[in-house]
1. Considering the stretch 72-89 alone, what residues qualify as being under 20 Å from Ala132 (Cβ atoms) and in contact with a strand residue (DSSP E or B) (Cβ under 7 Å, 6 or more places away or on another chain)?
2. Is there a residue in the stretch 189-206 that is modelled with pLDDT of 95 or more, within 12 Å of the ligand (Cβ to nearest atom) and of a type in the set (Gly, Ala, Ser)?
3. Among the listed residues Ile69, Ile90, which satisfies the condition of being under 28 Å from Arg123 (Cα atoms) and free of Cβ contacts under 8 Å to residues at least 40 places away in the same chain?
4. Does the stretch 161-181 hold any residues that are under 26 Å from Pro57 (Cβ atoms), modelled with pLDDT under 90 and not small (Gly, Ala, Ser), and which are they?
5. Mind counting the residues in the stretch 195-219 that are over 18 Å from the mean Cα position of the chain (by Cα), in a helix (DSSP H, G or I) and over 15 Å from Ile90 (Cα atoms)?
6. Name the residue, out of Val131, Val119, Val71, that is open to solvent by 20 Å² or more (accessible area, probe 1.4 Å) and either in contact with an Asp or Glu (Cβ under 8 Å, 6 or more places away or on another chain) or within 23 Å of Asn30 (Cα to Cα) (or both).
7. Taking the condition of being open to solvent by less than 10 Å² (accessible area, probe 1.4 Å) and either in contact with a Leu (Cβ under 7 Å, 6 or more places away or on another chain) or of a type in the set (A, V, I, L, M) (or both), how many residues in the stretch 1-23 meet it?
8. Just the residues that are away from the ligand (no atom under 12 Å from the Cβ) and surrounded by 13 or more Cβ atoms within 10 Å (Cβ to Cβ), please, taken from the stretch 151-161.
Amino acid sequence: AGPKPLAGKKLLLTAGPTREALDPVRFMSNHSSGKMGFALAEQAVALGAEVTLVSGPVSLATPAGVTRIDVESAEQMLEAVLAALPGQDIFIGCAAVADYRPLAVADNKIKKSNERMVVELVRNPDILATVAQQQPRPFTVGFAAETDNVEQYARDKLARKGLDLIAANDVSKPDQGFNANHNALTLYWADGHKSLGHSDKGQQARLMLDTIADHLACQ
Ligand code: C5P
């Protein structure tokens, strides 16, 4: 076998959901399992990379050789990512970051005194777009989970967030994407695209990292 395609490269990635606190005992979150991000971390180690994984709360074991930093909220995830960013060659935003968080976190447990309650939400920072704006910046990769017009929305996101590459999946189809063990990603970059077929997340991760390594080699 030849040299590993990511030997000497440093990869930082996010995975899993974030939790946005409402009060000391409650939060808003989503069903992200973290499987795709953890598969990417594991495969990247196999390809020779030095891997740092910033993870929201998930019930997955840390792959061997991976440095894992656990966070809960989007703001904590951003802080951890920016702290780990210097010297990274590749960043992959794989986390399902909550788009909004409660404006105020109650100091005490909220009581059920009224029939209705209103919670005001504020936008969370976009971690991926923030990384893409850094100078210098790593080769920056995002995900797009779409239910329709997959290519158009993915290419819009690639341009709007200023990414080098985006991995799109059609989450309207069963057994791929969110929480599933399989995926069927299509990679898009400025002047090309590649469909990875349908396979388990380990294989999708491997194919995705091979493509990223090819792009780094051409830089
Ligand atoms: O805009 P949208 O949420 O569809 O973008 C998805 C991509 O952006 C994913 O790569 C996700 O990890 C990243 N993202 C982020 N911070 C956010 C929202 C999304 O890093 N606040």
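The values are calculated or read from the model by the stated rules, or taken from the named source; none is laboratory data. Bear in mind the structure is a predicted one, so any value in this text is a computation, not a measurement. Positions of Cβ are backbone-derived with ideal geometry, glycine not excepted, and every protein chain shown enters the neighbour counts. Remember, those area values only see protein heavy atoms, side chains included, never the ligands or the DNA or RNA. Shrake-Rupley method; radii C 1.70, N 1.55, O 1.52, S 1.80 Å.
1. Passing the criteria: Ala74, Met77, Ala80, Val81, Ala84, Leu85, Gly87, Gln88, Asp89.
2. no
3. Result: Ile69 is the single residue among Ile69, Ile90 that is under 28 Å from Arg123 (Cα atoms) and free of Cβ contacts under 8 Å to residues at least 40 places away in the same chain.
4. Val171, Pro174, Asp175, Gln176, Phe178, Asn179, Asn181
5. Qualifying residue count, the stretch 195-219: 0.
6. Val119 is the lone residue from the list that is open to solvent by 20 Å² or more (accessible area, probe 1.4 Å) and either in contact with an Asp or Glu (Cβ under 8 Å, 6 or more places away or on another chain) or within 23 Å of Asn30 (Cα to Cα) (or both).
7. Looking only at that region, the number is 5.
8. Within the stretch 151-161, Glu151, Arg155 qualify.
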